[in-house]
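Each reported figure results from applying straightforward, stated rules to the coordinates on display, with no laboratory input. Keep in mind it's a predicted model, so treat the numbers as computed, not measured. Virtual Cβ from ideal backbone geometry, glycine too; neighbours counted across all protein chains shown.
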Amino acid sequence: MKKQLYRAAAATVLGLSLTTGVVAADTGNISYTGPNSSNAIHTHRTNKVRVTNNNDIDLSNTNNQSAYSGRAEVRHNTHGGDATSGDARNTNSTSANISVDNSSAGGSGMDTFNTGSGFGGGSIDTTGPNSSNRIDTTVRNTLTITNNNDISVRNSNDQHASSGSAKVEGNTFGGDATSGDATNSNSSSFTINVTN
């Protein structure tokens, strides 16, 4: 009677050892599990990168110029000489070179998705009969890049040039009266490069 009880108890312990061995892990290796065991390695990674570039470029150039040459007159003289007025000139030169490069921002965002050679996977070996083994690796990558480029260029040029009057009058012997040139010149150059 005692032998039968011992055998029954041993069978119960053996039955328990056959039904255990359920193992789950995030990464790594699973080995030496019992029969009828369920073994799983689950690796899940979610990468989200949001890049926003706001480029606000505002160029404003205002040029106000006035040029007047003096008046040249020869008058009321017995012997009038020459009268010459000088030149009046305006010059202006504006140059702007602006470069904006946002391409590296998107590249750095993609670098974040580099999971490396050691990410995920794993190994399951030396499991018992009728075991269920599973390795599950899931990677979700989301990259959102928004580029807002607001470029405004305003160039205003207001120029005035007047040469003085040249008069020879009221003289017995009149000389020459020469008024100078009045000149305005303006040059504006804008170069804008935006790389997204």
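Listing PHE190, PHE173 from the residue with the fewest other Cβ atoms within 10 Å to the one with the most, what is the order?
With the sparsest Cβ surroundings first, the list reads PHE173, PHE190.
If I model a spin label at SER156 and ASN196 as a point 7 Å from the Cα along the Cα→Cβ vector, what separation in nanometres do I get?
3.0
Using +1 at the Cβ of each Lys and Arg and -1 at the Cβ of each Asp and Glu in region 37-95, identify which of THR43, ASN53, GLY86 lies farthest towards the dipole's positive end.
Farthest along the dipole direction, towards plus: THR43.
Give a residue-ordered list of calculated ³J(HN,Hα) values for region 178-184 (Karplus: 6.51 cos²θ - 1.76 cosθ + 1.60, θ = phi - 60°; whole Hz; x for Gly, Pro).
Computed from phi, the couplings for region 178-184 are 10, 9, x, 6, 10, 10, 10 Hz.
For VAL168, what residues show an amide H to amide H distance below 5 Å, using hydrogens built from the backbone and excluding near sequence neighbours?
Residues meeting the criterion, in which the H sits 1.01 Å from N, are VAL74.
Hey, what do the phi angles of region 31-41 turn into as Karplus ³J(HN,Hα) couplings, whole Hz, using 6.51/-1.76/1.60 and θ = phi - 60°, x for Gly and Pro?
8, 6, 10, x, x, 6, 8, 10, 10, 8, 10
In what sequence do VAL74, VAL51 fall when counting other Cβ within 10 Å, fewest first?
Ranked by crowding around the Cβ, least crowded first: VAL51, VAL74.
Amide H to amide H, which residues 5 or more places from ASN196 or on other chains are under 5 Å from it, using H placed in the peptide plane?
ASN102
For region 77-92, what does the Karplus curve 6.51 cos²θ - 1.76 cosθ + 1.60, with θ = phi - 60°, yield as ³J(HN,Hα) per residue in whole Hz, taken in order and with x for Gly and Pro?
Calculated HN-Hα couplings, in order: 10, 6, 10, x, x, 8, 10, 10, 9, x, 6, 10, 9, 10, 9, 8 Hz.
Long-range amide H contacts for ASN147: which residues qualify at under 5 Å (H placed 1.01 Å from N, peptide plane, sequence gap of 5 or more or a different chain)?
So ASN147 has HN proximity to ASN53.
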